[in-house]
Amino acid sequence: MVLEQCAALDSYGHDVRLFRRDTDELRHNTGYQVRAAATTITGRGARPNLNTNGWEPDIVHLHNTFPNWSTNWIEDWQDRLVVTLHNYRTLCAAATLFRNGHECDECLTKSTLAAVKHSCYRGSRSQTIPLAFATRPGGSLNRIPRTARRVVALNEHAQSVFAQEFGRDVDLIPNFVRAAQRRQDPQPAWAYVGRLDEAKGILNLIQQWPRESQLHVFGTGPQLKAAADASARSRGSVVLRGMTSHEELLRLLPSYTGMIVPSLWKEGLPTAILEGLAAGLPLVVASPVAAAESLARAGASVTYNPYDEKSLHKALLKVATSGAMMSRSAIELHALEYSDSAWLSKINSMYESVAEGPT
């Protein structure tokens, strides 16, 4: 998503420089985990060299520092600093405010040490400790949205949570994806796109899936084996497609009847939803998803109870009768709210305000 935003800004005429550190490359270096933990706890470590050969940014747009960038430099740029909060990592070690099948706010209402108690990061107490320090008030991650000039949330629920927790105004600027070409005669199959884990609700979905319909599951994750076992009992109605390149996925999506979003937590607007809208896919969205109501109001989706098999089947039947109209609504909603032009309009307005300086 960051690369897409850089490309959109560049095409608009901005001079964009990307500063990145990739965990997949760094984690093979000797002592990486110790350094990453120390950076997360202290906020000290690698920092972007934002003054390069006389070049100096008017805007510094921060997307993610964990676990490879320090945060002790942000005060130097706070008057120009915009931060997009893609998840709840600044407040929650798990980044989801979700634990053991339910919403969880212990780290907000009690102490971030609760995250250590529950091993919230990767099921490990030792790996959670740095994040417990970083997400406490004044911690290296928690400090970022308290310092930045403007804070961007991607959905209304996140906007509300961040505004309350950080005691400040938070802007709502959803991500975008580019438009796709909808096929005229989609195949009679549904798509799930995402990580295979508890919060995403994938096992519930497979277990409830009607055998007279086809579901294709794209993705992998910690529940892969359990998902494979459940799909084996589906008599061929559920097919695990595994990891697919992004290019191939975008090519395939417009051919599906619709997309299922079975998440059990307050997920906002994951990229998969935006790609579904861009492809004109009717959506069936679980009620815990933060954007479920707004998508339904726009006519692009049907909301269902992820704990009720009959509710899922009823939603699928509604798409069978109203799919064409929902497809048109999805395409219209994407163009209006989640296209690159819509995003550029909002982000440029914010940038102009920041560039004018503090009021």
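Among the residues of the stretch 90-103, is there at least one that is closer than 25 Å to Ala38 by Cβ, assigned to a strand (DSSP E or B) and open to solvent by less than 60 Å² (accessible area, probe 1.4 Å)? Among the residues of the stretch 90-103, not one is closer than 25 Å to Ala38 by Cβ, assigned to a strand (DSSP E or B) and open to solvent by less than 60 Å² (accessible area, probe 1.4 Å), which makes the answer no. Taken over the stretch 104-128, the criterion of being open to solvent by 70 Å² or more (accessible area, probe 1.4 Å), not in a loop (DSSP other than H, G, I, E, B) and not hydroxyl-bearing (Ser, Thr, Tyr) is satisfied by Leu113, Lys117, Arg125, Gln127. Select from the stretch 197-244 the residues that are over 26 Å from the mean Cα position of the chain (by Cα) and among the acidic types (Asp, Glu) and write down the one among them that is least open to solvent (accessible area, probe 1.4 Å). Residue satisfying both the conditions and the ranking: Asp229. Close Cβ contacts (under 7 Å, 6 or more residues apart or on different chains) running from residues in the stretch 127-144 that are under 12 Å from Lys117 (Cα atoms) to residues that are open to solvent by 60 Å² or more (accessible area, probe 1.4 Å) comprise Ala132/Leu113.
Charged (D, E, K, R), over 16 Å from Gly194 (Cα atoms) and in a helix (DSSP H, G or I): does that describe Glu275? Break it down stepwise before answering.
On the way: charged (D, E, K, R): yes; over 16 Å from Gly194 (Cα atoms): no; in a helix (DSSP H, G or I): yes.
No.
Taking the stated definitions as given, is Ile347 open to solvent by less than 20 Å² (accessible area, probe 1.4 Å) and in a helix (DSSP H, G or I)? Criteria met by Ile347. In the stretch 152-174, of all residues being among the charged types (D, E, K, R) and modelled with pLDDT of 95 or more, the one that is surrounded by the fewest Cβ atoms within 10 Å (Cβ to Cβ) corresponds to Asp169. So for the stretch 138-151 (the condition being farther than 26 Å from Val34 by Cβ, surrounded by fewer than 18 Cβ atoms within 10 Å (Cβ to Cβ) and out of contact with any helix residue (DSSP H, G or I) (no Cβ under 7 Å at 6 or more places or on another chain)), does at least one residue qualify? Within the stretch 138-151, not a single residue is farther than 26 Å from Val34 by Cβ, surrounded by fewer than 18 Cβ atoms within 10 Å (Cβ to Cβ) and out of contact with any helix residue (DSSP H, G or I) (no Cβ under 7 Å at 6 or more places or on another chain).
For the residues Glu309, Glu267, Glu248, Glu337, the requirement of being surrounded by fewer than 17 Cβ atoms within 10 Å (Cβ to Cβ), of a type in the set (D, E, K, R) and more than 16 Å from Arg183 (Cα to Cα) singles out Glu309. Here the condition is being touching a residue at least 12 places away in the same chain (Cβ under 8 Å) and within 19 Å of Ala272 (Cα to Cα); of Ala296, Ala300, it holds for Ala300 alone.
Of the residues that sit in the stretch 1-37 and are free of Cβ contacts under 8 Å to residues at least 24 places away in the same chain and small (Gly, Ala, Ser), which one is nearest to Ala134 (Cα to Cα)? Taking the candidates together, the pick is Gly31. Candidates in the stretch 175-193 are the residues that are within 21 Å of Pro288 (Cα to Cα) and touching an Asp or Glu at 6+ places or on another chain (Cβ under 9 Å); of these, the one that is least open to solvent (accessible area, probe 1.4 Å) is Asn175. Note on the stretch 70-89: among residues that are open to solvent by less than 40 Å² (accessible area, probe 1.4 Å) and assigned to a loop (DSSP other than H, G, I, E, B), the one that is nearest to Cys104 (Cα to Cα) is Tyr88.
The values are calculated or read from the model by the stated rules, or taken from the named source; none is laboratory data. All figures in this text were calculated on a predicted structure; none of them were measured in a lab. Reconstructed Cβ throughout: ideal geometry from the backbone, glycine too, with neighbour counts over all protein chains shown. Accessible surface areas use protein heavy atoms only, side chains included; no ligands, DNA or RNA. Shrake-Rupley method; radii C 1.70, N 1.55, O 1.52, S 1.80 Å.
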